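The values are calculated or read from the model by the stated rules, or taken from the named source; none is laboratory data. Source: prediction; values computed, not measured. In this analysis, Cβ positions are derived from the backbone assuming ideal geometry, glycine residues included, and neighbour counts consider all displayed protein chains. Keep in mind that these areas ignore ligands, DNA and RNA; they rest on the heavy atoms of the full protein, side chains included. Shrake-Rupley method; radii C 1.70, N 1.55, O 1.52, S 1.80 Å.
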Amino acid sequence: MRIVVVGGGVLGTMHAWQAVRRGHHVVHLEREREARGASVRNFGLVWVGGRAGGAELRTAVRARELWEEIGAEVPGVGFRPAGSLTVCRNADELAVAEAALTLPDATERGLKLLGPAEARGLNPALRGTFEAALWCERDGAVESRVTLPALRDALAASGRYAWLPGREVRDLLAAGATGVRDDHGDRHGADRVLLCPGANLTGLVRELEPAAPVRRVRLQMMQTDPLGEPLPTAVADGDSFRYYPAYRGPELDRLAAARPQGAVAAEHKMQLLMVQRLDGSLTIGDTHEYAEPFAFDVVSGPYDHLARVAEDLLGRPLPPIRRRWAGVYAQTTEDGDPIVHRREVAPGAWLVTGPGGRGMTCSPAIAEDTAERAGF
């Protein structure tokens, strides 16, 4: 079978991975010379612990298994089963963490509550003052800036994969044929077309599904110079409880009422997530902005806030900031909070978009599910 994948981000690349692994031939098109969207502007976190129970958690757990398999086959993705520590700095945050341990799927998530000494045993870089930390053994990380090229190199070695960047898809092929025409005028016939446009929801995507239930979300993040010591686990602060569905409940309501976020954190809907890259630098974020049109610049207040929180947890100054950036991802708004918007928009052509902040985590399993549903 011949598969055309449109979109060079992690979701499109994982669909190409599934197709090649199932013995098919893949032509992979990307409008940019290299993917430049949310897939390379994220933490690289494979984040299981905070997912909603049910289908979302099952998808994340399966994706974590697939990431481990892929990491063993393609060392260049930099997969490591680092786990994460969500640090609780007061009794209200601690109550949310304790409630998470009572979830029926807490064991599946790999959750355990640790005291400060135990947490520092896992991550000695946490020298700040805190009450406890919620350990999630199932969380992991990959190197988001190099994962996609590493996967493409592995796919190319199969002899059944062609990467064609710098090509924007304009049309599906007419007269009932399945395939696409790009802006070079080239036609790419296929048995299946998989459209994975990320946050680029105009053009052909809008023509095929004018009212796709997907919104766009903007974030700001930063990266430091090397820390000079290991940060063995990913680290989150207690504000992250406010943004992950697993922690919703009366304890979180009490936290929100008793300890509202400060002005900057509330305005920018912030949490701290921090992960160490293989070169020793730290990726730190992030903010959430939902109302378009988005600003074209980044603002300093959120970076100052993130630096203060990170330094409080580490008990030391951060290294100099190397990079700051903004990114935009697509998030499905369908009822029932599905993991992704997936629809056959023409015979043999499937639109798959809108995983939201779950994209890096869940893409391997989303692609596996698409393969089953689309029959390839």
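Worth pointing out:
- All conditions in (1) under 27 Å from A125 (Cβ atoms); (2) in contact (Cβ under 8 Å) with a residue 60 or more places away in the chain hold for G354, with the sole exception of (1).
- Among the criteria (1) surrounded by 18 or more Cβ atoms within 10 Å (Cβ to Cβ); (2) at pLDDT 95 or above; (3) under 16 Å from T283 (Cα atoms); (4) not basic (K, R), the one G357 does not fulfil is (2).
- Checked against (1) open to solvent by 50 Å² or more (accessible area, probe 1.4 Å); (2) in contact (Cβ under 8 Å) with a residue 12 or more places away in the chain; (3) within 22 Å of Q276 (Cα to Cα); (4) among the hydrophobic types (A, V, I, L, M, F, W, C), W163 meets all criteria but (3).
Each row is one residue, and each column tells you yes or no for (1) among the charged types (D, E, K, R); (2) open to solvent by less than 60 Å² (accessible area, probe 1.4 Å); (3) at pLDDT 95 or above.
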| residue | (1), (2), (3) |
| --- | --- |
| M222 | no, yes, yes |
| G228 | no, no, yes |
| P232 | no, yes, yes |
| D237 | yes, yes, yes |
| Q261 | no, yes, yes |
| T283 | no, yes, yes |
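- Looking only at residues of region 136-160 that are open to solvent by less than 30 Å² (accessible area, probe 1.4 Å) and in a loop (DSSP other than H, G, I, E, B), we find that the one that is farthest from R277 (Cα to Cα) is D139.
- Sole residue being in contact with a Leu (Cβ under 8 Å, 6 or more places away or on another chain) and either under 30 Å from L208 (Cα atoms) or not hydrophobic (A, V, I, L, M, F, W, C) (or both), chosen from A307, A246, A346: A346
- Tally of residues being open to solvent by 60 Å² or more (accessible area, probe 1.4 Å) and under 22 Å from the mean Cα position of the chain (by Cα) across region 298-333: 5
- Members of region 173-189 that are under 29 Å from the mean Cα position of the chain (by Cα) and modelled with pLDDT under 95: G179
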